Amino acid sequence: MTKTFNWKIVSRTYGALLLIEALFMAVPTVAAYAYDDHDGGAFAVSTLITLAAGALAMRFGRDAQRRVSEREGYLIVALVWIVFSLFGMLPFYLSGALDTVTDSWFETMSGFSTMGATVIENVEVMSHSILLWRAICQWLGGMGIIVLSVAVLPLFGLGGMQLYAAEVTGVSYEKLSPRITNTARLLWGTYVFLTIIETFLLKFFGMDIFDAVCHSMATVATGGFSTKNMSLMYYNPAIQYTVAIFMLLSGINFAQLIYFMRGKPEKLYHDEETRWYVGAVLICTAVLTTALFVYYTWIKPAEWLPRLLEGNVIRAYATHAEWAFRNAFFTTCAAITSTGFASADYMVWPQLIWVFVFLMMFTGGASGSTAGGIKWVRIAIFAKNAQAEMYRRIHPNAVLPIRFNGRPLTQTMTNNVMAFMFFYIVIIIIATIIFCACGIAPGEAFATAVSGMGNVGESLGQYGPSGNYANFPIVAKWVMTIVMLIGRLEIFTVLLLFSPVLWRK
């Protein structure tokens, strides 16, 4: 026997969410007229359509019972990216910025899922309003549309722990306040604070204020949409360092950042996942720096190195070392946090480095961050379980509890990680097969599938830092948007919708 599904609360919630989207869509509408863009009419129409749809949905659910069960919660969370993308694609299509529904859908879903893969071959000819909307899509998708909605839905007589628990990424989530709405507001407050600080710093180091806003939104969301075809390769080293540091910060659990800003740094220092994550960034940066310095100094000297050596030798090597470190640090942060920005085209580096960068794309940031990927808490638990299993082979009667942050993990938690890793690999394999069937080379197909699941954006080959997805096959584009969504919602939220258990008593 099935439970009565509360369609009215679903409609009312989506109505409220669409009103929020219309509010944010109005921002590039105003920007279009401020910059005298020709896309102002398309944004105005899109805003009105979204506003009308939200109002109708709110009206349909006006007398809904204010209760969100697990079923309604998972449905709302799983489909909100689709609903937002359906309306979010309107400005791209109506303005003519993108010619087809497929490309408009791909670009919008890539934004809201924070993948950052683009089908636009020349972003620099796009209007200010289009570029700003791309940034806003990523910014909304970064911290999570539902986390934002939980902070403001009480204004519409809605809200719920089920929405927050279903959307927040990672193995676990943490309440910073007894009231879940206060927790959501704290998270979004920190998110906004980081965006403002980065915008100020980028402007200070020479970036145009418009570009600074767009890049800050994309950075804290770990998205990767840039206003330049060359991404961060276009800008000076100070800007590249600033973006890299904020990518690193955005990959940390936001709850830990809030504790740090509250004067409790020990929470951040003692968090085991943070240590795994930061340690990985440091180790990978060191390895990549060494590889770049050695290769372009002695194995295959860079073309510009002899010119530097004509002057002060120590200064020349110091300059070369700084170049190697900066690009290694930036590339590491971009790959691990799934941001996808580029300070250099790693496809011109030695092939071994390609593999190293590709492997970093699997990892991701910390749970509770805006980063994609597997997440370091899962990697740590997976590694500890493998180590314990090896020890059990020698001592079969030994009781070896797996601990994380000093606490033993339940078998349920360990099983959750194992199941996640299984589905993660299976979905990548299925996507790879489909991409190959669409005519994509096997290596690029596999790398692109990994990039999609991790919401990285950049891949290998023609889909690397200097490439785009404009020529990606149509079927592959639609499949990729599904992979983006599954990766953003971390698999289970989507798969549970197809489980009969969720829909029955």
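The values are calculated or read from the model by the stated rules, or taken from the named source; none is laboratory data. What you see is a predicted model; the values in this text were computed from it and never measured. Positions of Cβ are generated from backbone atoms using ideal geometry, with glycine treated the same way; all protein chains shown enter the neighbour counts.
Looking only at the range 1-22, residues that are among the acidic types (Asp, Glu) and modelled with pLDDT under 80 come to 0 in all.
Got a sec? Which of ASN455, ASN468, ASN405 is touching a helix residue (DSSP H, G or I) at 6+ places or on another chain (Cβ under 8 Å), under 23 Å from SER226 (Cα atoms) and at pLDDT below 95?
Result of the check over ASN455, ASN468, ASN405: ASN455.
Considering only residues of the range 58-116 that are at pLDDT 90 or above and of a type in the set (D, E, K, R), which is nearest to GLY464 (Cα to Cα)? Applying the filter and picking the extreme gives GLU107.
Identify the residue in the range 446-460 that is among the hydroxyl-bearing types (Ser, Thr, Tyr) and in a helix (DSSP H, G or I) and, among all such residues, is surrounded by the fewest Cβ atoms within 10 Å (Cβ to Cβ). Steps first, answer last, please.
We begin by selecting, within the range 446-460, every residue among the hydroxyl-bearing types (Ser, Thr, Tyr); these are 448, 451, 459.
Remaining after also requiring in a helix (DSSP H, G or I): 448, 451.
Working: THR448: 29, SER451: 31.
Of everything passing the filter in the range 446-460, THR448 is surrounded by the fewest Cβ atoms within 10 Å (Cβ to Cβ).
When THR493, THR481 are checked against the criterion of being hydroxyl-bearing (Ser, Thr, Tyr) and closer than 23 Å to GLU121 by Cα, a single residue qualifies: THR481. Contact map, the range 90-109: residues that are touching a residue at least 60 places away in the same chain (Cβ under 8 Å) and closer than 16 Å to PHE225 by Cα paired with residues that are part of a helix (DSSP H, G or I) and β-branched (Val, Ile, Thr), Cβ distance under 7 Å, separation 6+ or inter-chain. Pairs shown: TRP105/THR481; PHE106/THR481; MET109/THR481.
Does TYR469 count as crowded, with 16+ Cβ neighbours inside 10 Å, outside any helix (DSSP H, G or I), within 19 Å of the chain's Cα centre (by Cα) and among the hydroxyl-bearing types (Ser, Thr, Tyr)? Outline the logic, then answer.
Details: crowded, with 16+ Cβ neighbours inside 10 Å: yes; outside any helix (DSSP H, G or I): yes; within 19 Å of the chain's Cα centre (by Cα): yes; among the hydroxyl-bearing types (Ser, Thr, Tyr): yes.
It is true that TYR469 is crowded, with 16+ Cβ neighbours inside 10 Å, outside any helix (DSSP H, G or I), within 19 Å of the chain's Cα centre (by Cα) and among the hydroxyl-bearing types (Ser, Thr, Tyr).
Might you let me know whether the range 475-482 holds any residue that is modelled with pLDDT under 95 and among the charged types (D, E, K, R)? No: zero hits.
Looking across the range 380-437, just one residue is surrounded by 13 or more Cβ atoms within 10 Å (Cβ to Cβ), free of Cβ contacts under 8 Å to residues at least 24 places away in the same chain and of a type in the set (S, T, N, Q), and that is THR432.
Listed here are the residues, each with its yes/no results for (1) surrounded by 24 or more Cβ atoms within 10 Å (Cβ to Cβ); (2) assigned to a helix (DSSP H, G or I); (3) of a type in the set (Lys, Arg).
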position	(1), (2), (3)
GLY439	no, no, no
GLU444	no, yes, no
GLN462	no, yes, no
MET480	yes, yes, no
LEU496	no, yes, no
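Candidates are the residues of the range 199-226 that are among the polar types (S, T, N, Q) and at negative phi; the one that is surrounded by the fewest Cβ atoms within 10 Å (Cβ to Cβ) is THR199.
Please tell me if PHE246 is closer than 23 Å to ILE336 by Cβ, outside any loop (DSSP other than H, G, I, E, B) and modelled with pLDDT of 95 or more.
So PHE246 passes the test.
Of all residues in the range 454-478, those that are among the acidic types (Asp, Glu) have Cβ atoms under 8 Å from Cβ atoms of residues that are outside any helix (DSSP H, G or I) and surrounded by 23 or more Cβ atoms within 10 Å (Cβ to Cβ), 6 or more apart or on another chain, in GLU458/GLY116; GLU458/ALA117; GLU458/GLY224; GLU458/GLY340; GLU458/ALA342; GLU458/PRO465. Whenever a residue of the range 479-491 is more than 12 Å from TRP105 (Cβ to Cβ) and basic (Lys, Arg), its partners that are at pLDDT 90 or above and crowded, with 24+ Cβ neighbours inside 10 Å, lying with C-beta atoms within less than 6 angstrom and at least six residues away or across chains, give the pairs ARG488/SER113; ARG488/ASN455.
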